[in-house]
Amino acid sequence: MTETTKTRTLFAPEELQPQSGFPTPSRCAETLAALGPWNEALRSIYVHNPNHRSVLAALDTVMALGTGKDRYAVRNSAVSYAGKSAAADAFARIIRDRSTHPADSRPVVRVELEQACTSRRFWETILHAYGDGFTSKKDENGLRRSAYEAFERHGTALLIVDEIQHAGYRSQGSSAATDVIKRFISDGQVGIGLFGNEHARELLVANNQLSHRMLPPCDIKPLDLSDTKQQKTFGTFLRKYDEALRAKRLFTESSNLHDARTAACLMAVSSGYLGRTVALLQVAARHAFQRKAGRIDVHDLSHATSTWAVEQKLTASDPFRFGIAKSNA
């Protein structure tokens, strides 16, 4: 049986106070007006994520197998903030940068399903991504045909359907979107990536006819925080993210994110998911920007953890302030 023996506190109280900028964020109109474009630049940062390797390889395989009459699908299910959408968008950029498709085409398209997604809403969501404003005038067969025409017209080879866990809803007299996806795969129009949270796996596995038509899954796995090599990988990721913050001139100073103590706390909060790490860093960065700080301080990371990560139930407490629990068997 495992029991917690002690809590290891890494930061002294004075280190948790703001080290640069003002003590509290500014809410003035000028700062808030500047926050929007600044945040766009922040969200544009992409550092290669080792968690994404299996996803990128699987999507590449789906596209490679889609040259004949058959098309394939692959599942990517993982916990919230694991980086699923970021992986999809990164793959779209990779395909674009390869320049193997016409410049005006859309070889990879990602759509997000809304809650209680019916079969009709499934097709409408796809068509809205292509700017089709006439979906209300079409029946489901018409919507499906229009979607297939859009794929051909825009040169789409891969459709990534995000939030696929919402596809299990079945309205009265209608098929669930998962049944529609099954036919979608059979029709062989485009390759498909089915992305969603933990419930997505349960939904897709429960539909035997659908799951049998899919390639081996590429679910995002966390880094193993007990593995020294993967700890080093985590630190390298943090260093590169810090460099990107300065390269985009979002901050003038290094935030020293790969410091051993800071990295240990970030690992504890993220549970090894780099997507969660990035989401936390974005919250902390916005807090630092509004303080007019020259970098992300430990204060900002602690604030982001307590006000965002704890509230999102990604972690039980703030390790920057209260330490990291150590357990013995």
Does segment 55-101 come out rounded, prolate or oblate by the C-alpha gyration tensor, with a ≥ b ≥ c the root eigenvalues, rounded set by a/c under 1.5 and, if not, prolate when a/b is larger than b/c and oblate if not?
oblate
Rank by packing, highest mean first: peptides 179-190, 13-24, 151-162, with packing defined as the count of other Cβ atoms within 10 Å averaged across residues.
151-162, 179-190, 13-24
Helix 29-43 vs. the chain, principal-axis angle (Cα, 0 to 90°, nearest 10):
60
Quick one: net charge of Val47's neighbours, Cβ under 11 Å, K/R +1, D/E -1?
0
Non-local Lys pairs in the chain, i.e. 8 or more apart or on different chains, that have alpha carbons under 14 Å apart
4
For the chain, what is the calculated [θ] at 222 nm in deg cm²/dmol (nearest 500), taking -39500 (n - 2.57) for each run of four or more DSSP H residues and dividing by its residue count?
-14000 deg cm²/dmol
In whole angstrom, note down how far apart the Cα centers of segment 98-152 and segment 200-222 are.
22
If a/c stays under 1.5 just call it rounded; otherwise compare a/b with b/c (prolate if a/b is bigger, oblate if not). Do that for segment 50-211, with a ≥ b ≥ c from the square roots of the Cα gyration tensor eigenvalues.
oblate
Honestly segment 60-138 on the Cα gyration tensor test (a ≥ b ≥ c root eigenvalues; a/c under 1.5 rounded, otherwise a/b vs b/c for prolate or oblate) is just oblate
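A short reminder: the numbers here are calculations on the coordinates, not readings from a lab. Just so you know, these numbers come straight off a predicted model, no measurement behind them. Neighbour counts run over all protein chains shown; Cβ positions are idealised from the backbone, glycine included.
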